[in-house]
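I have placed the structure first, in the form of structure tokens, so that the comments after it can refer back to it.
Bear in mind that the values in this text are calculations on the coordinates, not laboratory data. On a predicted model such as this, the values are computed, not experimentally measured, just so you know. So basically every Cβ, Gly included, is an ideal-geometry build from the backbone, and we count neighbours across all protein chains shown.
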Amino acid sequence: MSDLDRAIAQLRACRPIPENEVRELCHKARELLIEEGNVVTVNAPVTICGDIHGQFHDLMELFRVGGDVPDTNYLFMGDFVDRGFYSLESFLLLLCLKVRYPDRMTLIRGNHESRQITTVYGFYDECLRKYGSANVWRYCCDVFDYLALGAIVLGASNTLSQPAGSVPVGEDVEIEVCNADQQIISRFLRKGPNGAMGQQQQQPTTNGFSESGSSGPPAPTNTGPPGSGASGASGGSIGNPAGAVLCVHGGLSPLIDNVDKIRLLDRKQEVPHEGAMCDLLWSDPDEIDGWGLSPRGAGFLFGADIVKVFNHRNDLSLIARAHQLVMEGFKEMFDASIVTVWSAPNYCYRCGNVAALLELSEDDSGLGVLARSNGDVNRSDGGMGGQGPRGVLMENDLLGYNRAGPARRYRVFQAAPQDSRGMPAKKPVADYFL
Amino acid sequence: MIFGDNHLTLSHTPTQWSLSFLAEPALDLVDKTGETGLLKVHYAKEWSATREKTSAGIKEVVRPFDWSYTTSYKGTEHRAGGGKGLESDEKGRIPIELLQRRDPILFADEVVLYESELDDNGISILSVKVRVMEQRMLVLCRFFLRLDNVLVRIRDTRVYVDFGEEKVVREYTSREGEFGEVKKKLYMEGLMPDAITVAFRDANQIAHLLPVVEHEVESVDLKGESR
């Protein structure tokens, strides 16, 4: 057993590794990450995860639900640390897995992967408590500076893969929502080419878990998946390879109109307050037109039109992001052009939310990965062999525009059982407050 | 995060007078228009200055509201059929000395009504805690806002009940101080930088350092009253 495998085993048991091993690990990780571009290319199949926030036991639950590394190819969209009690173990385990299986594990940076934020929200204190010095925190922060800012998933299929022994997946299923025990909660069909709205297939569930949207009277046919608030799933005809998926922690930036501009940023620094790098890690989608300012005086909000134009221009079918708590684990917005994925169940050990991960399956038609000229402004047809209708689409047509989205399987899961945490659910001692 | 099912209610059975602490009416008191002048995060100037050239077209704050969720909520009072209720009582006070006694606590709990991380710019939390002793009880409904490097705001509503006298005293104290000032005072108290960070997470450690900006006392005597 190599040192790395031993470290992985120790971290899986939620036991920190010695400081000198952390230093070595961080050094190796940096050597690996420095080779990655600002936007990492990842090939489907891939499982996309949102915020973890030091909830180690829930991360273990995530691996149980989504499959273990390296069997499953993972992409984590940042915010590994802070708030939870085990930021150190969670981040180091992910980092070990990254070093051990570099091609099966992609880590991108969240706004909490920063010196300033971790000093305030827990990771710094945790390192100090567990090691008696801030050295480990410093090693980790040095790694943060090298994390990629985004990822592009290529070759995602329009149809879902079929897990062994499960209910057959029709070609027209666009979205499937499963619970932690691989049971299907609901399925949503694609809109037909004639504009018919997506239909929902009802699947009886046996365990009564989160049946919203699949119980009671038939749901209106123009609703998206539970928690999505989407008015119908994304369109597109069956059989075309889906467009690429951009993964980023926060969202878009007014300074970035094309993915290649992300590639040009100098990312190897503390997350700044200015510029596109800050926006990518901090901004939020909102139900507005165009761009808006947050009432906080810092931070951008962006509306559906911004996402749709960006996706069209960059040949994307979907943006996956994290950053905001969503009670049902995932939330698709703007006709499924953007989705928020949240992977910290019962956030802060009290929010009562479920978590989700997003599985994109592999396109085996052979058309998906080929000839993709991501970001080329003057590309002829984006590798669609001249069949794509996009060549004649003007941007003002885009509000009704839907790229053929990849088929998406969301696995929704709850917090790990209390007894697996090794800490009692203690009531605060009655104090003589005044 | 709104914990809308959480609440704390005190009721006086003979008169059916009650005082409840609920999330919704507390949030109703939050400014929804931005007219009171919105707080800004400490790096707002820096943030917007570097963006003036590149994104000058984006100026609009969409749906302005008090994103710090500051509330002056003192609880929701219910008086049954024209009965007595809390009235301003300038001489009224909560007998701290009686509450400092280590009488056995028969019941104690704490619930959060709402909470926000302010997008990683601090914390805003409204919580209620209670402790019940043999002869008296105390409720503390506290709004705590820490806007990192800007300010700290604590709004306390204390409700004291004397079971023997059947008297209720409600005291509201609003405190506010600049972040830098509080930090200086903590430093003067001899705290090291790491301990100061920790202290800023705990309203108990900083409340006494903040200047009082508003204080009022009300009381109601429920003895002998009945419907």
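Angle between the Cα long axis of helix B:179-188 and the longest principal axis of chain B, 0 to 90 degrees, nearest 10?
For helix B:179-188, the angle is close to 70 degrees.
Just checking the output field for A:271-280: average partner chain Cβ neighbours within 10 Å of each residue's Cβ?
Shielding by partners across A:271-280 averages 3.
Label B:Thr33 and A:Glu287 with points 7 Å out from Cα along Cα→Cβ: what is the distance between them in nm?
About 2.2 nm, to one decimal.
In peptide B:62-74, how many Cβ atoms from other protein chains are near each Cβ within 10 Å, on average? Working shown, then result.
Details: counts 12, 6, 3, 1, 1, 4, 2, 0, 0, 0, 0, 0, 0.
Whole-number average of other-chain Cβ neighbours for B:62-74 is 2.
Give me the net charge for the shell around A:Phe413: Cβ to Cβ below 11 angstrom, other residues only, Lys and Arg +1, Asp and Glu -1.
After counting each charged neighbour, the total is -1.
What is the mean number of Cβ atoms from other protein chains located within 10 Å of the Cβ atom of each residue in peptide B:39-45, rounded to a whole number?
Mean partner shielding for this stretch: 5.
List the residues whose amide H sits under 5 Å from the amide H of A:Ile175, counting only those 5 or more places along or on another chain, with H placed 1.01 Å from N in the peptide plane.
Under 5 Å from the amide H of A:Ile175 lie the amide H atoms of A:Phe188, A:Arg408, each far enough along the sequence or on another chain.
One-quarter of the Cα convex hull surface for chain B, in nm²?
Values: hull surface 62.3 nm².
Mean shadow area of the hull around the Cα atoms is 15.6 nm².
Find out how many positive minus negative residues lie around B:Ile2, taking Lys and Arg as positive, Asp and Glu as negative, among other residues whose Cβ is under 9 Å from that of B:Ile2.
-2
Out of B:Met192, B:Val130, B:Tyr114, whose Cα points farthest toward the positive end of the dipole of chain B (charges: +1 Lys, Arg; -1 Asp, Glu; placed on Cβ)?
B:Met192
Which GluC sites (Glu not before Pro) in the range B:33-142 pass both tests, a DSSP loop state and at most 15 other beta-carbon atoms within 10 Å?
On the way: sites: B:Glu35, B:Glu46, B:Glu52, B:Glu60, B:Glu77, B:Glu87, B:Glu90, B:Glu97, B:Glu110, B:Glu115, B:Glu117, B:Glu134; in loops: B:Glu35, B:Glu52, B:Glu60, B:Glu90, B:Glu117, B:Glu134.
Sites meeting the loop and neighbour criteria: B:Glu35, B:Glu52, B:Glu60, B:Glu90, B:Glu134.
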